[in-house]
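Comments concern the structure below.
The values are calculated or read from the model by the stated rules, or taken from the named source; none is laboratory data. Values in this document were obtained by computation on a predicted structure and should not be read as measured data. Every residue, glycine as well, gets a Cβ built from its backbone with ideal geometry; the counts of neighbours run over all protein chains shown.
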Amino acid sequence: MLELLRIQRTPHRMRFLLALLLSAVVPVCAQTAAAPVPAPEGIEPGTVVATIDGRKLTAGELRKFVAALPPNVQQNYNADKKEFVRQYAMLRRLASMAEKAKLDQESPHKERIEYSRTQVMVQAQIDATTAGFAVSAEEQEKLYQQNRERYRIARIKGIFVPFAPPGAPVPAGDAKALSEEDAKAEADEIVKQARGGADFVKLVKKHSRDAESRAKDGDFGTVTPAMRVPDSIKLAIFGLKKGEISEPVRENSGFFIFKAEETGQRSFDDVREEIGREIRQTKLQQWLDSVRQALDVRFDNEAFFEDAAPLPAAK
C-alpha cells in the first residue's frame, strides 16, 4: 500500500520518464513482440514531426523507436505523444552528457552496456532463427492428431459444497459450516437428485456456496485440459458426456459436482496458429541445444570456481 501511494504521488512527467528508463533495463527476452504503431492518415514516414536540439525527427523514426518498446510504454506514447517526445529528448540529452563524460568507458557502466547489447543481439538472433523455421501443414496436422486430447473442451456448470478444515471444530448453530462427513453426504444427495432429473440450476441456487458461480446459475465457463486446475477436477470433467453429472470431487476445502452442458473438440483450423507456434518453439529449443553442445568451455583455474566468497556489490 505504501508503494502504491508513492507511485500515485509521483508527478506525471516523472512517471513518464521513469517508464521510459525502466523499459531500457527490462530483460529483452522477457519482452513480448510489440504491435506496430499505427500511422495517422496523411503523414508520410519522412515527414518531420519534431526537432530535438536542432536534429529533425521524422514520423518514421519515431514510429520505429516506439514500436521497439514494451507495450506499457507504448501506451504512454498513445496517451500523450508530445509529452513522450519531450521525455525522449530528455533521455537523449542525458545519454549524450554521459557519452561526453566517457561514462560508457567506466565500470560498471561499461559492463552493463555490454550486457544490454548482448541481450539485444541474443533476441535478434533468436527472432531471426525462429522466423527461418518452415512449418508445413503436414507437421501441424500430425501434431494435432497426436494430441487430440489436448484440444478437448467442455462447458460446465458446478455446485460447491465446502467443509471445515480437518480437525477444525464446526461452530454450533452455523448451518453453512459442515464437517467433511456432512458435506460429502450433502454432495451425494445432490448428485442423486440431479441424476434423477432435478433441475440443476435450482440445485445450484439451493446448495452451492460459491457466490460467483451461483450468481451465474452455476456456470463455470469452458474448461480445457491446458487450464491450471487440479487433475482430479479435469479427470472428472473430461470423463463426462453431454448432460451427465459427475460424482462429488473432493478438494482441500470442499466437494464439487459438475454437469457437462456441452462437450467437444477444438477444430484444427481453430488451433492451427497455436500449433505452428509450438512447432517453431520446439525447433528453436532443438537449435539452442545444438548450439549449447557445440560450445567449447574449459575451466583453467578450479580454485577460482571453488571460492565461495560472494562478488563485491556493484557501485
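Here is how the numbers come out for the structure above:
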{"quantity": "Residue that is nearest to the chain's Cα centre (by Cα), among those in region 198-211 that are within 22 Å of residue 180 (Cα to Cα) and in a loop (DSSP other than H, G, I, E, B)", "calculated": "210"}
{"quantity": "Counted residues, region 239-277 - those being among the polar types (S, T, N, Q) and either within 13 Å of residue 187 (Cα to Cα) or in contact with a strand residue (DSSP E or B) (Cβ under 9 Å, 6 or more places away or on another chain) (or both)", "calculated": "4"}
{"quantity": "Long-range neighbours under 9 Å by Cβ, at least six apart or interchain, first residue surrounded by fewer than 10 Cβ atoms within 10 Å (Cβ to Cβ) within region 284-309, second at pLDDT 90 or above", "calculated": "305/299"}
{"quantity": "Residues (surrounded by 13 or more Cβ atoms within 10 Å (Cβ to Cβ), in contact with a strand residue (DSSP E or B) (Cβ under 6 Å, 6 or more places away or on another chain) and either charged (D, E, K, R) or part of a strand (DSSP E or B) (or both)) located in region 50-67", "calculated": "50, 57, 58"}
{"quantity": "Among (1) in contact (Cβ under 8 Å) with a residue 12 or more places away in the chain; (2) out of contact with any Phe, Trp or Tyr (no Cβ under 9 Å at 6 or more places or on another chain) - the single one residue 217 does not satisfy", "calculated": "(2)"}
{"quantity": "Count of region 230-246 residues which are assigned to a loop (DSSP other than H, G, I, E, B) and surrounded by 15 or more Cβ atoms within 10 Å (Cβ to Cβ)", "calculated": "3"}
{"quantity": "Contacts under 9 angstrom Cβ, first residue in region 193-213 being free of Cβ contacts under 8 Å to residues at least 40 places away in the same chain, partner surrounded by 14 or more Cβ atoms within 10 Å (Cβ to Cβ) and of a type in the set (Lys, Arg), 6 or more apart", "calculated": "205/214"}
{"quantity": "Residue count for region 266-315, restricted to those that are touching a helix residue (DSSP H, G or I) at 6+ places or on another chain (Cβ under 9 Å), in a loop (DSSP other than H, G, I, E, B) and not polar (S, T, N, Q)", "calculated": "3"}
{"quantity": "Residues of region 212-229 satisfying the condition of being closer than 17 Å to residue 264 by Cα and part of a loop (DSSP other than H, G, I, E, B)", "calculated": "224, 225, 226, 227"}
{"quantity": "Meets criteria (within 27 Å of residue 158 (Cβ to Cβ) and not in a helix (DSSP H, G or I)) for residue 258", "calculated": "yes"}
{"quantity": "Flag for residue 200 being touching a helix residue (DSSP H, G or I) at 6+ places or on another chain (Cβ under 6 Å) and modelled with pLDDT of 95 or more", "calculated": "yes"}
{"quantity": "Boolean, residue 225 is closer than 15 Å to residue 153 by Cβ and surrounded by 13 or more Cβ atoms within 10 Å (Cβ to Cβ)", "calculated": "yes"}
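Yes/no matrix, rows are residues, columns are (1) surrounded by 14 or more Cβ atoms within 10 Å (Cβ to Cβ); (2) in contact with a His (Cβ under 8 Å, 6 or more places away or on another chain); (3) not assigned by TED's automatic domain parsing to the domain that holds residue 233:
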residue	(1), (2), (3)
109	yes, no, yes
118	no, no, yes
135	yes, no, yes
156	yes, no, no
182	yes, no, no
192	no, no, no
213	yes, no, no
